[in-house]
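A short write-up of the structure that comes next.
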Amino acid sequence: MKFRCCNHILHSINFMLKYIQTCNELHGGEIFYSADDEKNPPDCEEIMRRRNQLIENCKNGIYPERCKTCPQFIEQEWEDNQQITKLSIFHWLHCNCECEYCFQAKHRKGSTDEVQKSMYFDAYPVLKEMHDKGYLAPADKFQFEIGGGEVAILEEFPKLMDLMLEHGFYYAYVMSSGIAYSETITKMLQNPKTRFSVTISAGSREVFKRIKKRDKFEQVKENLKKYIEKAVDKTKVCVRYIIDEGYNDTEKDIKDWIDTCEEIGAQFLEISLDFCRGFEKLQGQPYNPHLKELVDYYLKECEQRNENSHKFYYSVDRTSELIFERGYY
Ligand code: SF4
Ligand code: SF4
């Protein structure tokens, strides 16, 4: 059937800090549950009812206000299948560090090592019901991502990941600060479809402390070493670096990070510009040419190190690449 809609409305579900909604794109999509407005925990059937109603409305030309101006809201033939193929779990705020660039940090006080529940709602009961009732697409069509906050200190993280492993998936993306070692992450890494990333953003204790406000550089290195050793596909453990101007933006900083990656046996590196502080503010601004020089330095350095014997795959985050291509954010 031809109507105005988008893939997120038809196939995604996003668990955000206070909301369960269609997407986490710039426009925010439609909200099916709001912890601000509802006293009870989220109800699976009510969420599915609201989701179905939204799709019916789109078919009948009643469009959600926040989607009307979204570039993804287009008229085309859409398939009838409405199963959830993409799940995002970001309903979690607390973390065991305080990255300078973290957009979540302003919503919480400092960092914590304490394992806790999410502040507003648990995701497990809703997802379990979605799984049991067949609302989630089968494994070969289903993907999910989880971050936050730090997953290793989220109380329901082990249960959630057991559920995802039981359901099956063709792609999973798990993000962590790497500060707390998690047996659950190690278990996830036994599945070659799991991609795991730690954005370490440093190659020395000093820079790590400056950016993350924790003296845990050595601990993160040790944990990463263990994860890499135990992963069935070592190229799925990505050690990332966000260039934060004024904090880790010298060639020496980048070199130290690549040295660290070599030392711990990392096989997949990725570098990125900082978008965490808010893409909306940056849009249309030219990028600082120094950032491009640093990325070029990284690419050259990795290429040289790979010349004699292959050490790692290395990439530039896709959005950063596009920004360099067009010259502005
Ligand atoms: S149309 Fe845009 S804002 Fe609406 S759900 Fe889709 S991606 Fe999100
Ligand atoms: S690791 Fe992630 S959630 Fe934690 S402070 Fe850094 S950016 Fe924020």
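None of the figures in this text is laboratory data; all of them are computed from the coordinates on show. Everything numeric here is computed off the predicted structure, so don't read it as measured data. Neighbour counts are summed over all protein chains in view; Cβ atoms, including those assigned to glycine, are modelled from backbone coordinates with ideal geometry.
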Which ones in segment 30-50 are in contact with a strand residue (DSSP E or B) (Cβ under 6 Å, 6 or more places away or on another chain) and assigned to a helix (DSSP H, G or I)? 47, 50
From the option list 54, 93, single residue qualifying as buried (at least 19 other Cβ atoms within 10 Å of the Cβ) and either within 16 Å of ligand 1 (Cβ to nearest atom) or part of a strand (DSSP E or B) (or both) is 54
In segment 16-54, residue nearest to ligand 2 (Cβ to nearest atom) [restricted to those that are farther than 30 Å from residue 275 by Cα and of a type in the set (S, T, N, Q)]: 40
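Output the residues belonging to segment 168-216 that are assigned to a loop (DSSP other than H, G, I, E, B) and either among the basic types (Lys, Arg) or within 16 Å of ligand 1 (Cβ to nearest atom) (or both).
193, 213, 214, 216
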Residue 121 being crowded, with 18+ Cβ neighbours inside 10 Å, within 10 Å of ligand 2 (Cβ to nearest atom) and not aliphatic (A, V, I, L, M): no
Take residues that are aliphatic (A, V, I, L, M) and closer than 24 Å to residue 205 by Cα and tell me which of the helices (runs of 4 or more DSSP H) falling wholly in segment 258-329 contain 3 or more. 289-308
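Just name the residue that is nearest to ligand 2 (Cβ to nearest atom) out of those in segment 73-104 that are aliphatic (A, V, I, L, M) and within 23 Å of residue 33 (Cβ to Cβ).
Of the residues in segment 73-104, the ones aliphatic (A, V, I, L, M) are 74, 84, 87, 89, 93.
Among the residues that remain, those that are also within 23 Å of residue 33 (Cβ to Cβ) are: 84, 87, 89, 93.
Details: 84: 25, 87: 19, 89: 13, 93: 8 Å.
Here the answer is 93.
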Need pairs with beta-carbon distance below 8 Å; first residue without any contact (Cβ under 8 Å) to a residue 24 or more places away in the chain and within segment 1-25, second of a type in the set (D, E, K, R); sequence gap 6+ or separate chains. 21/30
